[in-house]
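For reference, the structure discussed in these notes is given below.
The values are calculated or read from the model by the stated rules, or taken from the named source; none is laboratory data. What you see is a predicted model; the values in this text were computed from it and never measured. Positions of Cβ are generated from backbone atoms using ideal geometry, with glycine treated the same way; all protein chains shown enter the neighbour counts.
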Amino acid sequence: MPDSVQEGLFPSFFLGGFECSTHRRHDRKRLDLVASTRHDDLAEEDYAALAVHGIRGARDGVRWHLVEAEPGRYDWSSVLPQMRAARKAGVRVAWDLAHYGYPDHIDPWSEGFVEGLARYAAAFARLALEEEGQPPVVCAVNEISFWAWGGGDTGHFNPGTKHRGEELKRQLIRASLRAARAAREAVPGTRVIAVDPLIRVVPVRPEDREGAEGHSGSQWQAWDALVGQCWPELGGGPDGFDVMGVNYYWNNQWEHGGRTIEPGDPRFRPFREILADAWKRYGKPIFLAETSIEGTPRAAWFRYVCAEVRAAMRAGVPVGGICLYPVVSHLGWDDDRYCPNGLFELEAPGGVRPRHAPLAEELRRQRALFDEMARGHSVPEDPDALSELSVVLRQVEEERQVIREAESAEVSRIA
């Protein structure tokens, strides 16, 4: 199998990621996706379900605001059930330590944030060694770039400022570096992943080119700084991270200041090329840390992504895994609407979450294809994956348009 198994990162090529955001929104409401998906209550069932589908690797989160509700005192009772459930199921977990959230008593702009994350990371590494019997895999700060944008530039979530994105990004980089080194010092052999989105912004007019290129280029800043290729004063170096985790969704390519560039658009760049660019830039082990889409297109999107990953691997990119993220559907951050994007649905009658059958079947098929590839057998390209995805997306949009027209007609009738 690819590098994930060879290097001992995960026992399976496919992973399942549990949504574990813990930030405060712009209205100061604290989100806790582990709780709202009931993953805390259903951890044993959730991890057993992953194993049934051949998934032996996962991403999950430690909720810092619960662990360190009092400064300097760590209460691990909120994460121990997840750790023990994963171990019972034979699933190896990469743990997010700060998934957009932090305790209320910490000022994210202060040195206390940097030092606090480092102490907490070291303490968790020691706990994980005790519970898991081996050095942990951790992501100190999830999606530094997205957090800097959402929390520092737009004020969408904590710390809730605007036009301070670069300042927040630099702070998160410093914190990530300090936490990674503290965890390794506490438990030698700890592996650190750095996760951020891969994006592509395309100019619509000639005057948009500079802005589009600048936005696209900003995706590399956090990774660059972690390994010391930019902002050297932050302390980055070769040990900044061990494994590169890249996130890629259906809407990660868009027009500068405009709409999403969807699969099937002539401007849509194949994911295999985007993935190759990321690996060539750093030459570190790499895996797809998040990918999904809502609703009916779930299986078609997954088929497309898997076809592109295999193409990248044939071209020499040593992709170490693909994480279905989120693996359990959840409620939306802003409005609690249902987001049907997982392998498993949110509701769990009798403690069992229904699976999304088309995605489960596609996962079974893709596991077989990647197993064949790992054994050195030839696996043909899947040239129809993109066109099939385009058809499904178009059908979904047509259905939505019919619904919009019906709703508009009803409003007119009532008026």
Those residues of segment 31-73 which are without any contact (Cβ under 8 Å) to a residue 12 or more places away in the chain and either within 18 Å of the chain's Cα centre (by Cα) or closer than 20 Å to residue 330 by Cβ (or both), in sequence order
35, 41
Considering only segment 341-358, I want to know if a residue exists there that is charged (D, E, K, R), touching an Asp or Glu at 6+ places or on another chain (Cβ under 7 Å) and touching a residue at least 24 places away in the same chain (Cβ under 8 Å).
yes
Is there a residue being modelled with pLDDT of 95 or more and charged (D, E, K, R) anywhere in segment 1-16?
no
Picked from segment 152-182 (must be touching a helix residue (DSSP H, G or I) at 6+ places or on another chain (Cβ under 6 Å) and part of a loop (DSSP other than H, G, I, E, B)), the residue surrounded by the most Cβ atoms within 10 Å (Cβ to Cβ) is 158
Looking at segment 338-367, which of its residues are assigned to a loop (DSSP other than H, G, I, E, B) and either more than 18 Å from residue 54 (Cα to Cα) or touching a strand residue (DSSP E or B) at 6+ places or on another chain (Cβ under 8 Å) (or both)?
340, 341, 342, 343, 345, 346, 347, 348, 353, 354, 356
Those residues that are touching a Ser or Thr at 6+ places or on another chain (Cβ under 7 Å) and either farther than 25 Å from residue 49 by Cα or part of a helix (DSSP H, G or I) (or both), I need them from segment 302-331; list them, please.
305
Need the failing condition index for residue 126 against (1) surrounded by 20 or more Cβ atoms within 10 Å (Cβ to Cβ); (2) touching a residue at least 60 places away in the same chain (Cβ under 8 Å); (3) more than 21 Å from the chain's Cα centre (by Cα); (4) closer than 27 Å to residue 320 by Cα, just the number.
(1)
Answer with yes or no whether residue 379 is surrounded by 15 or more Cβ atoms within 10 Å (Cβ to Cβ), of a type in the set (A, V, I, L, M), in contact with a helix residue (DSSP H, G or I) (Cβ under 6 Å, 6 or more places away or on another chain) and outside any helix (DSSP H, G or I).
yes
